[in-house]
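Enquirer: Below: one structure in structure tokens.
Just so it is clear, none of the values below were taken in a lab; they were calculated from the coordinates. Here the structure is a predicted model, which is why all the values come from computation and not from measurement. Glycine also receives a Cβ, built like all others from the backbone with ideal geometry; neighbour counts cover every protein chain displayed.
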Amino acid sequence: MSWEHFIYFAIASVLLWIWGAWAAWKDNRKQTYYTTIAGLLIFFSFIVMMWISLERPPLRTMGETRLWYSFFLPLAGLIIYSRWQYKWILSFSTMMSVVFICINIFKPEIHSKTLMPALQSPWFAPHVIVYMFAYALLGAATLMALYHLFSKRSAQDSMYSQMTSLDNLVYVGLAFMTFGMLFGALWAKEAWGHYWSWDPKETWAAITWFSYLVYIHYRLTPRNNPKLALVMIIISFILLQMCWWGINYLPAAMGSSVHTYNQ
Amino acid sequence: MWNKPWKMKEGFLLGGGLIIAGLALELTIGAVNWDAFAWPVNGIILLGMILALVVMTLLYNKVYAIRFLCTYQAAIPTMVYAVVLTIIMGLNRQTDDGTWFNNMLTFWPFVLIYVFIAIILGLITLRRLSKLTHHITLRDVSFLLNHLGLFMAMVCATLGNADIQRLKLTAIVDEPEWRAIDQEQRIVELPFMIQLDKFIMETYDDGSPRRFASDIQLITPSKDTIKTTIDVNKPAELDGWKIYQYSYDTTMGPMSQISIFELVHDPWLPWVYAGIFMMLGGAASMFILAQRKK
């Protein structure tokens, strides 16, 4: 199994996800679940086969992390759909997923088979997978925030009830982000001798983490302004992008981060 | 302004005041010198900090400012300042000999804002503890794990930093070595010896490295000898020291007759780890509570 085969799995999954998203609009819940899950299974089977043929978890390159992100987005979408029955969420998550799939198809990076010794650790897979899941949830939260900010139907009452589910999404996303960050700290102690070195990636992880904490605490403040809270979610997600891939292009981080992926 | 109850505005002014105070310190006495915090100074500071927090908690009902520190209106602006200052850190290359924005960890405004966060965390933790009844809810546990965990991890990591010893030891095959070099290039004698039996280097078919490791013996004064292998990502542990595979004779590659180890001694690590594990528990409880809320 290699990246050449990716396009077939991707097309099959995306078609099923589009079907699922369409069924959600039509209020056909059963069909939504079946098709979306089928798409997820097909996509995941590609990940597993990549894992086997690479003889290591496909988590090292940016392309490989995008693979997980493309997988977790519809999964997060489905979880949110099952809890809060948003008709639009699967369309959004599918669209986002397609963007990442297209980047992987049209802008493939060098996909190397080797895994350097520093990455051979039992912490590697949980650290990255948990982070990717957090990113997917917080990405979904951002889409919801944008939807609320710009949709006409956002009458104060209905928006307020939706804010609670948005809060839940951020809580879960932040919980996973905390896991990812602390797994990283525990791993860093084993690999480099210290749990926190203010490496540029760590610095931006701290920024992102505090930024979501600001949102959570602000939402707990009596008489908070929901519009401002929505803006906080969007700003936090922009900061998250810096942490995720922005530092690869940041002059201040170049050559000084162990997290910059050249491959 | 400054009419009670204080609001976000007062919170931002308070943090702004700290930043101005930090700038004044930076300009007068210069950057923060973390080396000055080595034991026992850091222990005394921690004790003083906890005592001050307890006294402040006792004065909670008497002093309005202390009550204000326990509000979102104090916490949120402080976190916003922390985000902004840390963004400045992220946008500027950090170097050990840098100043101001190029060495934020020693920049007073940055340090003071994080100290303020620690004070708020300590206060709200004690306040919550003092209000606990016999009926402890998951929400209480979650609150304490998250806030006390962060307090412990942050404070112990920062105060303990000066006590961390990072040494390099170069071992030659079959020659027991007990002398290491610290970061100031001084020789430090260890309470045990490391004998390198064999350096191991494996490569992939394309020549890129697959494994660096060393078969070693750890010889202790009590004459117990421990045979072990140190891999990248798999340090050995002895008497509070962690021993890492660091380097080798790169001109010799797999034939290297030497192996260089990094030895790290961090007496505050158990406290930092306690904080980290509390935060992990806090994150788990946050996940559970989010599901329940609806």
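Enquirer: Given the -39500 (n - 2.57) contribution per DSSP H run of 4+ residues, what per-residue ellipticity at 222 nm results for chain A, rounded to the nearest 500 deg cm²/dmol?
Expert: The per-residue figure over chain A is -25500 deg cm²/dmol.
Enquirer: Given the options A:Tyr86, A:Trp3, A:Ile101, identify the residue whose Cα lies farthest towards the positive end of the charge dipole of chain A (+1 on Cβ of Lys, Arg; -1 on Cβ of Asp, Glu).
Expert: Looking along the dipole axis, the top candidate is A:Tyr86.
Enquirer: Is there a quick way to get the dipole size of the protein assembly as shown? I mean about its Cα centre, with the Cβ of Lys and Arg at +1 and of Asp and Glu at -1; what is the value in debye to the nearest 20?
Expert: Around 3200 debye, computed over the protein assembly as shown.
Enquirer: To continue, here is another question. Over 24 Å between Cα atoms, which of A:Lys30/A:Lys107; A:Lys189/B:Lys223; B:Lys4/B:Lys62; A:Lys26/A:Lys227; B:Lys198/B:Lys242 qualify?
Expert: A:Lys30/A:Lys107; A:Lys189/B:Lys223; A:Lys26/A:Lys227
Enquirer: Just grab the label-to-label distance for B:Leu23 and B:Leu91, each label 7 Å out from Cα along the Cβ direction, in nm (one decimal).
Expert: 1.6 nm
Enquirer: Can you compute the label reach from B:Arg210? Point 7 Å from Cα along the Cβ direction, backbone N cut-off under 14 Å, restricted to the range A:46-60.
Expert: Within reach of a label on B:Arg210: A:54-56.
Enquirer: With a Cα-only, solvent-free Debye model of the range B:151-269, what are the log10 I(q)/I(0) values at q = 0.18 Å⁻¹?
Expert: For the range B:151-269 at q = 0.18 Å⁻¹, log10 I(q)/I(0) is -0.93.
Enquirer: Can you tell me which of A:Ala145, A:Ala206, A:Ala76 moves the most in a GNM of chain A? Springs connect C-alpha atoms under 10 Å apart.
Expert: Answer for the Gaussian network model of chain A: A:Ala206.
Enquirer: Top mean-square fluctuation among A:Ser121, A:Ser13, A:Ser165, Gaussian network model of chain A, C-alpha springs under 10 Å?
Expert: With Cα springs under 10 Å in chain A, the top fluctuation among A:Ser121, A:Ser13, A:Ser165 is at A:Ser121.
Enquirer: Evaluated at 37 °C with a viscosity of 0.692 mPa s, what Stokes-Einstein diffusion coefficient in µm²/s does chain A have when Rh comes from the Kirkwood expression over alpha-carbon pairs?
Expert: The Stokes-Einstein estimate is 170 µm²/s.
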